[in-house]
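Take a look at the structure below.
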C-alpha cells in the first residue's frame, strides 16, 4: 500500500476545497493535497455554463467553469499536490484517509489535519415517493445539466420539472434554448424553492409556467417514460385526487433539493447537526473531532459560490491555528440558537474569546417576507441588526457580530418584520 504523509488533506476539489487548499498554503502549510474523485478539479462548477458567478470575489460575471478555473490555475501555480480520480473510502478519527484509484491503487494518507469539502448530492425519486414503475427518462436536474452541457446529449424532447430548485430552473431555460419543450415546473411548497432572479430570468422570461402547491403524483411508462400525472396538494402536502391531470412527456427532471455528503463524516464519528444535516462546526469550521474541519455545501447548502469559497478559507485558517498547537484546550463553548423565522444557522458553536475578531454567521429563513431585520442577540442584548428588503427560504443570509461585542453567553439569531 502506498503511504503519504501530509500537513493537511482536503477531500473534494470543488470551490470549497480549492479555496481551502490555497488559503492553507498562504497560511504557511507546505504539505497540502487535494483529493478529488472526478477526473479533474472544479466540482459541479465544471458543468455550469451559465454566468452569474464571481461577482463578489472577482468583480465580474463568470461561468461556473471560469470561476473554477481561476482557482485551479492558482492551485497549479502554487505547486499544491492534487490527486484526481481518487475515491476516499474511509476517514478515521485519528486523521487517516484510506483511498483508492485505478492508477495508484490503495493509498493511506497520514494527516495532521483534514478538511472535508465533499459538497452535496441531489435527492432522487426514491426519497420523494412517487408512484409508478422505474422507466428511463426520470433524471435529477444535475444529471440533465451534465448530459446537455458536458456530454452534448439531449435526454428528451418534452420535459416536466418537479421542484423549483435553482438547477432545475436554470435547466428549464437551457432546455428551451436547446430546442426542447418544457411543459412546466411543479413545486409542492406554496413558495418557490429557487432564487427570485432565477424565477424571473429562467421561467418568466421564457413563458414557462410555475405551479405552486402542486406535485407529480404518478409516473407512467414501463421501459421509457410516457407521461406523468400532476395534482394539487392539501395543507399536509398530500395530492388531491380530484385535481389530478395527465401530461404526456418523455423526461421528468427532479429538482427537489440537495443533501450534504456526510458518509465520510459519520464514519469518522463527527457529530451531525439535525437542522443543517451537515457536520456541526464552530467559528473555525472545526468539527466535533479534533483536527478535522468541514466547509462548503457539506456543512449546509449555500446558494452563492462566494460563500462556499469563504467557508473553505475559514476552515483552512482554523486548521493552521490547530496545527500550531494541536493539544490546546478549547475555552468554553456557546451555542448559536435559531429563533423566530430562522431554520438553520452556521456555525452552531462559538468559543469564549471570539470577541477579538468579527464573527461571520450564515442562516436561512423558514417563511418568505418583505422588510425584515436580521438580529443577533446575546444574553438579551442586541449585538447586530441588518435590514433585508426581502427574505426567502432559498437565499442564505449572512450576518456579522462585530469584534468586541460578544459576551460569554449563547447567541440567538432571529428574523423579525420591520
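The values are calculated or read from the model by the stated rules, or taken from the named source; none is laboratory data. Here the structure is a predicted model, which is why all the values come from computation and not from measurement. Don't worry about glycine lacking a Cβ; one is built from the backbone with ideal geometry, like all the others, and counts go over all protein chains shown.
Observations
- Flag if residue 115 is surrounded by 13 or more Cβ atoms within 10 Å (Cβ to Cβ) and assigned by TED's automatic domain parsing to the domain that holds residue 237: no
- Test: residue 400 is within 26 Å of residue 197 (Cα to Cα) and at pLDDT 90 or above: no
- Hits in region 73-101 - residues which are crowded, with 19+ Cβ neighbours inside 10 Å and part of a helix (DSSP H, G or I): 75
- Look at (1) at pLDDT 95 or above; (2) within 27 Å of residue 151 (Cα to Cα); (3) touching a helix residue (DSSP H, G or I) at 6+ places or on another chain (Cβ under 6 Å) and you find that residue 90 fails only one, number (2).
- Among the conditions (1) in contact with a strand residue (DSSP E or B) (Cβ under 7 Å, 6 or more places away or on another chain); (2) over 22 Å from residue 173 (Cα atoms), residue 53 misses just one, which is (2).
- Residue in region 320-341 that is in a helix (DSSP H, G or I) and under 23 Å from residue 124 (Cβ atoms) present: no
Here's the yes/no breakdown for (1) modelled with pLDDT of 95 or more; (2) closer than 20 Å to residue 230 by Cα:
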| site | (1), (2) |
| --- | --- |
| 133 | no, yes |
| 137 | yes, yes |
| 159 | yes, yes |
| 175 | yes, no |
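- Qualifying residues in region 396-410 (those that are crowded, with 18+ Cβ neighbours inside 10 Å and under 24 Å from the mean Cα position of the chain (by Cα)) - the one nearest to residue 189 (Cα to Cα): 396
- In region 285-301, residue farthest from the chain's Cα centre (by Cα) [restricted to those that are assigned to a loop (DSSP other than H, G, I, E, B) and buried (at least 22 other Cβ atoms within 10 Å of the Cβ)]: 287
- In this entry, residue 311 passes the filter for residues that are surrounded by 24 or more Cβ atoms within 10 Å (Cβ to Cβ), modelled with pLDDT of 95 or more and closer than 30 Å to residue 65 by Cβ.
- Residue count for region 213-257, restricted to those that are out of contact with any strand residue (DSSP E or B) (no Cβ under 8 Å at 6 or more places or on another chain) and assigned to a helix (DSSP H, G or I): 1
- Region 258-283: number of residues that are without any contact (Cβ under 8 Å) to a residue 12 or more places away in the chain and not in a loop (DSSP other than H, G, I, E, B): 3
- The set of residues in region 102-133 being in a loop (DSSP other than H, G, I, E, B) and in contact (Cβ under 8 Å) with a residue 12 or more places away in the chain consists of 102, 103, 104, 117, 118, 119, 123, 124, 128, 130, 132, 133.
- Top-ranked residue of region 24-47 - restricted to ones that are crowded, with 23+ Cβ neighbours inside 10 Å and modelled with pLDDT of 95 or more, ranked as farthest from residue 85 (Cα to Cα): 24
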